[in-house]
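Before any comments, here is the structure.
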Amino acid sequence: MRNPYDVLGVATTASAAEIQKAYRALAKKLHPDLNPGDKTAEDKFKEVASAYDLLGDADKRKRFDDGEIDASGAERPQQPFYRDYATTGDGHGYSSSAGFADFMDGDDAFAELLRRNQRARANRRGEDLHYRLAVDFVDSISGATRRITLPEGGTLDVKIPPGLVDGQTLRLKGKGMPGMGAGAPGDALIEIEVLPDPRFAREGDDISLELPISLAEAVLGARIVVPTPTGEVSMAVPKGSNTGTVLRLRGKGAPRRDGGFGDEYVRLKVVLPKPPDPELEAFVSTWSKAGDYNPREGDTP
């Protein structure tokens with residue numbers, strides 16, 4: 001640890017007023033609240049506060065000058081002890097105002113800054129709590145209520161609004177840690193993980209689905225039942241439908257921000273019976289038009 005006189009930039013013969021003046025000038029320049037995010041300035045401020053803590057106290061200064069304590073304030077040759085400005089649970093190394101309390105009675109901007117900091121710490125807002133919640137795909141579309149079990153054993157009911165997307169974060173006001181003094185409680189931040197569904201895929205506000213149909217349904221047409229995130233609906237399959245034919249169900253997708261809904265697109269997939277049906281094989285083998293068309297005609301080799 002550096003010599004406190006060198007840290008403050010004063011001579012060993014400096015008066016108490018000169019030491020206070022030097023400290024105040026450095027504190028104004030290096031105070032972390034005036035240099036947010038500047039780790040170098042924060043570290044220098046801690047060093048300056050430590051030096052003033054020692055030299056600003058007449059008894060400590062005399063004991064240091066006499067060699068009874070070192071620059072950290074520890075008894076020689078004992079090990080140093082933790083200082084009042086050591087990092088506390090809130091992650092700030094300057095949470096105590098004791099090192100510069102003698103400046104808080106002034107009427108300038110720096111004194112007002114110190115007073116505001118002290119009031120803010122006494123009425124600090126509670127910390128936000130972060131959670132991750134897995135939600136079924138259909139619930140992300142239609143909405144639901146899910147319950148989270150908290151680490152301390154309590155529970156929190158989370159309302160899932162319709163139309164959530166994977167990675168979206170819900171904010172529950174006032175459901176975080178309690179504040180200090182008159183400080184408001186923090187919030188609960190719920191990151192949503194939408195679980196995949198083997199039936200559906202989402203593209204923006206639209207839903208897509210691959211649906212198997214029989215050969216008879218494809219050839220003759222039919223009315224079939226189709227799943228959607230909000231329940232089953234009836235849909236007509238036109239005669240002569242092929243694998244890859246896409247049909248649209250209007251308004252059966254995800255909620256839109258403008259108040260409407262996306263669509264569900266159903267891609268048909270013709271599936272032959274298993275095991276192979278001998279009657280079907282016999283029919284195709286004697287079908288007079290079986291060789292009259294080439295489904296690959298026009299395809300690029």
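The values are calculated or read from the model by the stated rules, or taken from the named source; none is laboratory data. Being a predicted model, the structure only gives us computed values, none of them experimental. In this analysis, Cβ positions are derived from the backbone assuming ideal geometry, glycine residues included, and neighbour counts consider all displayed protein chains.
Some notes on this structure:
- Pairs where the first residue, in the range 142-171, is over 20 Å from residue 128 (Cβ atoms) and charged (D, E, K, R) and the second is surrounded by 16 or more Cβ atoms within 10 Å (Cβ to Cβ) and at pLDDT 90 or above, C-beta under 6 Å, 6+ apart: 166/194
- Scanning the range 261-287 for residues that are surrounded by fewer than 16 Cβ atoms within 10 Å (Cβ to Cβ) and aromatic (Phe, Trp, Tyr) yields a total of 2.
- One residue stands out among those in the range 188-242 that are small (Gly, Ala, Ser) and under 36 Å from the mean Cα position of the chain (by Cα): the one that is farthest from residue 160 (Cα to Cα), which is 208.
- Enumerated helices (runs of 4 or more DSSP H) restricted to the range 1-106, each holding at least 1 residues that are at pLDDT 85 or above, surrounded by 13 or more Cβ atoms within 10 Å (Cβ to Cβ) and of a type in the set (Gly, Ala, Ser): 16-30, 39-55
- Some residue of the range 198-208 being in the same structural domain as residue 133 (by TED's automatic domain parsing) and among the β-branched types (Val, Ile, Thr): no
- From the list 244, 259, the lone residue that is of a type in the set (Gly, Ala, Ser) and closer than 23 Å to residue 222 by Cβ is 244.
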